[in-house]
Amino acid sequence: MSPPTAFWVDRDYDREHASDAVSRYGAYLRDATFEPWTDDDQAVEWAAFAWRRATGPVMSPGYVRYHPRVLAAQLERSGWDGSLAAGVTLVSCWPEQFNTALASCVRLGDKDSYWQNWPTEYRSGDTVCYYEPSEADIAARPYLLATFSLQFTMPSAALPEPPATPTALLSAGQQAVAVVVAELNRIVGPVLSAGCGHLPPPAGGGE
């Protein structure tokens, strides 16, 4: 079985909802200025810039979509060696050794409660999404929200250089995002496929 898809580009939505009938993402690229910190290996900084413009909170919904268990994905140029550094946060299940302890009541004020896992809701039909509990949720019961924090660097050889002209802006951004998405899926997909038996299994995003 192939690993689940952690990230993908929604080209149809991007085109269908574009004010210029070409690309929403293109408008978000044109709405900002690419200002690299260095003259060396600008492909890395261009990839980080293109990714920021393609994802939330800049674009909502984003040009890049996430698997329901992906909470955040950030890219930046490493200050150590100039490589493309990634940070991805995933919803996680509870560690097995927690099971016995978490099955016991916890006394909070004048009431007994049980630890709750990530709240979920259905969106777009049968897709399960995870979300942070609200203040009302927390007032009613305690939550123990587990996450994985993935920190790693990605190869930059396949990344495109920044566009030389404004007309090449969209194609250069799309190419950079495509390279990043492919590499992130290669690295993050197997982590998602490890499963989370204590969480409702998400139905969307390729899992």
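Here are the numbers:
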| read-out | value |
| --- | --- |
| Complete set of residues in the stretch 153-178 that are among the hydrophobic types (A, V, I, L, M, F, W, C) and in a helix (DSSP H, G or I) | Ala168, Leu169, Leu170, Ala172, Ala176, Val177, Ala178 |
| Top-ranked residue in the stretch 135-164 [being out of contact with any helix residue (DSSP H, G or I) (no Cβ under 7 Å at 6 or more places or on another chain), in contact (Cβ under 8 Å) with a residue 12 or more places away in the chain and among the small types (Gly, Ala, Ser); ranked as surrounded by the most Cβ atoms within 10 Å (Cβ to Cβ)] | Ala146 |
| Any hit, the stretch 39-55, residues being loosely packed, with under 14 Cβ neighbours inside 10 Å and of a type outside the set (D, E, K, R) | no |
| Members of the stretch 109-146 found to be out of contact with any Phe, Trp or Tyr (no Cβ under 9 Å at 6 or more places or on another chain), hydroxyl-bearing (Ser, Thr, Tyr) and modelled with pLDDT of 85 or more, listed by number | Ser134 |
| Selected residue (criterion: farthest from Leu29 (Cα to Cα)) from residues of the stretch 60-75 that are free of Cβ contacts under 8 Å to residues at least 60 places away in the same chain and out of contact with any Asp or Glu (no Cβ under 9 Å at 6 or more places or on another chain) | Ala72 |
| Condition met for Asp39 (out of contact with any strand residue (DSSP E or B) (no Cβ under 6 Å at 6 or more places or on another chain), at pLDDT below 95 and in a strand (DSSP E or B)) | no |
| Where a residue in the stretch 1-22 is in a helix (DSSP H, G or I) and its partner, wherever it lies, is of a type outside the set (D, E, K, R), with Cβ under 6 Å and at least six apart | Asp14/Ser23; Asp14/Tyr25; Asp14/Tyr63 |
| Restricting the stretch 165-181 to residues that are surrounded by 15 or more Cβ atoms within 10 Å (Cβ to Cβ) and of a type outside the set (Gly, Ala, Ser), the residue that is farthest from the chain's Cα centre (by Cα) | Leu169 |
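Residue-by-condition table, conditions (1) more than 22 Å from Glu161 (Cα to Cα); (2) assigned to a loop (DSSP other than H, G, I, E, B):
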position: Ala27; (1), (2): no, no
position: Ala50; (1), (2): no, no
position: Met59; (1), (2): yes, yes
position: Arg65; (1), (2): yes, no
position: Ala72; (1), (2): yes, no
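The values are calculated or read from the model by the stated rules, or taken from the named source; none is laboratory data. None of the values given here were measured: they were computed from a predicted structure. Virtual Cβ from ideal backbone geometry, glycine too; neighbours counted across all protein chains shown.
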